[in-house]
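Worksheet: one structure, shown below.
The values are calculated or read from the model by the stated rules, or taken from the named source; none is laboratory data. Values in this document were obtained by computation on a predicted structure and should not be read as measured data. All Cβ positions, glycine included, derive from the backbone under ideal geometry; neighbour counts span all protein chains shown.
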Amino acid sequence: MDLLQTERVTEQAQTMQRYYRLQSKIYDATRWTFLFGRKRILRELPVLEQNAALEVLEVGCGTGYNLKRLALRFPNARLTGMDVSADMLERSTKRTTQWADRITLLELPYGEANLSFQGKFDLILFSYSLTMINPQWAALIAQAKQDLKPGGIIAVVDFFDSPFPWFKRHMAKNHVRMEGHLLPVLENLYLPANVNIRNAYAGVWQYLIFIGRVGE
Ligand SMILES: C[S@@+](CC[C@H](N)C(=O)[O-])C[C@H]1O[C@@H](n2cnc3c(N)ncnc32)[C@H](O)[C@@H]1O
């Protein structure tokens, strides 16, 4: 990573830390009203052996909403959650204490040059994180390919697009980029297994579910 990239990563992480200082307090009480598809994407994961000793990473694990579900769904999996917000991770820690022996939480931006997972994971989940990781989102999608085993699975659930410019402006003020930009990059790097674009609130916006595989 060159100096400019490192500065951008730091700046993006600091923006998130500031944003989630307050938002972490109301996150779980509010997000169920608009972060759609999170349960669905876990239900639709293909042919992962439920009792296998899987290695799973969630990038931007937030308050542990998905980690808890993953721990229940895969009783022998080792889970890693990464996030840049200490406030969000604090909630994640509380929510997942029951499975602390197999969950590792890291307070780091994903793609950090000093941290290499090289082919470690069976599954990497990005749940409503990529549209907030600007401008590095495409580099992170590519990084995940390095960090997955051959045949490993990437699962992405996130905002897709909206026909309403006012809504996109509102989301941009909340650090979310919503321009249908994730899908072409995902389709270019992974073999799509499940691609689903769904309406939220009768089409005020759409959200994306993408499940893809690394070629063997
Ligand atoms: C909208 S929340 C999603 C949380 C959780 N995945 C969920 O589905 O509820 C986005 C999370 O991504 C984290 N995040 C943002 N940029 C990140 C980065 N570069 N590396 C790791 N996590 C990041 C934020 O701190 C925040 O907790």
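Worth pointing out:
- Scanning the stretch 207-214 finds no residues that are closer than 19 Å to Glu58 by Cα, buried (at least 16 other Cβ atoms within 10 Å of the Cβ), hydroxyl-bearing (Ser, Thr, Tyr) and in contact with a helix residue (DSSP H, G or I) (Cβ under 9 Å, 6 or more places away or on another chain).
- Selection count, the stretch 55-74, where residues are in a loop (DSSP other than H, G, I, E, B) and at pLDDT 95 or above: 5
- Filtered residue count, the stretch 1-22, keeping only those that are more than 7 Å from the ligand (Cβ to nearest atom) and in contact with a His (Cβ under 8 Å, 6 or more places away or on another chain): 2
- Taking the criterion of being within 16 Å of the ligand (Cβ to nearest atom) and either of a type in the set (Phe, Trp, Tyr) or not assigned by TED's automatic domain parsing to the domain that holds Thr93 (or both), the only residue of the stretch 46-81 that qualifies is Tyr65.
- Scanning the stretch 111-131 for residues that are of a type outside the set (S, T, N, Q), closer than 22 Å to Gln17 by Cβ and within 10 Å of the chain's Cα centre (by Cα) yields Leu125, Phe126, Tyr128, Leu130.
- Ala29 being outside the structural domain of Asn134 (by TED's automatic domain parsing), assigned to a helix (DSSP H, G or I) and over 24 Å from Ile211 (Cβ atoms): yes
- You will find that of Asn194, Asn199, Asn188, the residue that is assigned to a helix (DSSP H, G or I) and more than 14 Å from the chain's Cα centre (by Cα) is Asn188 and no other.
- If you filter the stretch 23-40 down to residues that are at pLDDT 95 or above and in contact with a strand residue (DSSP E or B) (Cβ under 8 Å, 6 or more places away or on another chain), you find that the one that is farthest from the ligand (Cβ to nearest atom) is Arg40.
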